[in-house]
Every structure is written in structure tokens, then in C-alpha cells.
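Each remark here refers to the structure printed beneath this line.
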Amino acid sequence: TGDLDGMRDRKVIRILVPYSKTLFFYDKDRQLGLMHEMGVSLERWANQQAAPAPGQKLRVEFVPVPEDRLVADLAAGLGDVAAGGLDMAADGRAAVDIGGVLEPGGGSVIVTRKRGDPVASLEALSG
């Protein structure tokens with residue numbers, strides 16, 4: 001489920017996020033938090049990199065899950081990216097690949113299921 005072609009076919013990048021007061025939360029009908037901001041930046045970046053045709057833009061969809069389920073649910077294919085306070089030593093580094101920095105100087109990291117090389121570009125997500 002973490003393949004770029006699958007994301008393009010669905011036109012959705014599913015980001016697993018923990019519900020918390022700072023990382024991801026709802027204020028009435030608005031999504032807010034650090035992971036929401038990261039996802040909005042990812043969506044913008046992905047569409048700039050891919051230069052999609054009209055009607056083919058990727059959009060980010062947030063999937064709130066318990067924080068202790070982020071890596072397991074990612075490995076199970078319930079999302080394409082896990083974003084949150086991940087302790088990779090404890091959460092299962094062997095189960096997923098950790099990509100490079102999403103935004104230079106920003107410290108954001110893309111985490112995908114274990115498939116191959118670290119993510120250096122949007123195309124690298126295709127496995």
C-alpha cells in the first residue's frame with residue numbers, strides 16, 4: 001500500500017497520526033497540529049514534484065490511530081506514511097524503512113513500509 005503507483009491511483013497519501021493536543025487534533029471541523037502541518041507540506045511538495053494532470057493531484061488523508069499502533073498499522077498496510085513521536089528502536093525498525101529529510105532544515109522524516117532504499121524523492125516511493 002505504500003507504493004507511489006497505489007497512491008497515485010487512489011490520489012491519496014494516507015498518513016497515520018496519533019491523536020494528541022500537539023501532533024494531531026480536531027477543533028470543531030478543522031484538523032490541526034504539527035503532523036497536520038507536515039501533511040499539508042507533504043501534499044504541496046508531492047504535487048510540485050509529480051506535476052500532476054488536472055484532476056490527478058494527490059491529497060493527504062489523516063488516519064488517527066493510537067500512538068503505539070503507528071508502526072504496526074503501517075506495516076499492515078493501513079497507511080502509506082506514519083507520522084508522530086516514533087521510537088524506532090522500540091517500535092520496530094526492522095518492519096519499516098526510514099526515508100530522508102522531507103524538508104531541508106525541517107527535520108521531517110518520511111517513514112514507509114520496508115521495501116528498499118531510503119526515500120530521496122517522490123519517485124523513490126514507488127519501490
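The phi-based Karplus calculation (6.51 cos²θ - 1.76 cosθ + 1.60; θ = phi - 60°) puts the 3J(HN,Hα) values of segment 49-58 at 5, 7, 6, x, 5, x, x, 10, 5, 7 Hz, whole numbers, x for Gly and Pro. Residues whose amide H falls under 5 Å from that of R59, counting only those 5 or more places apart or on a different chain, are V12, I13, with hydrogens built in the peptide plane. Other residues whose C-beta falls under 11 angstrom from the C-beta of P52 contribute a net charge of +4, scoring Lys and Arg +1 and Asp and Glu -1. Each peptide in 69-79, 22-32 was scored by the mean count of other Cβ atoms within 10 Å over its residues; highest first, the order is 69-79, 22-32. Once the Cα-Cα distance is subtracted from the 0.36 nm per residue extended length, the D9 to A50 segment shows a gain of 13.4 nm.
Taken together, the values in this text are just the output of simple stated rules run on the coordinates, not laboratory data. None of the values given here were measured: they were computed from a predicted structure. Positions of Cβ are backbone-derived with ideal geometry, glycine not excepted, and every protein chain shown enters the neighbour counts.
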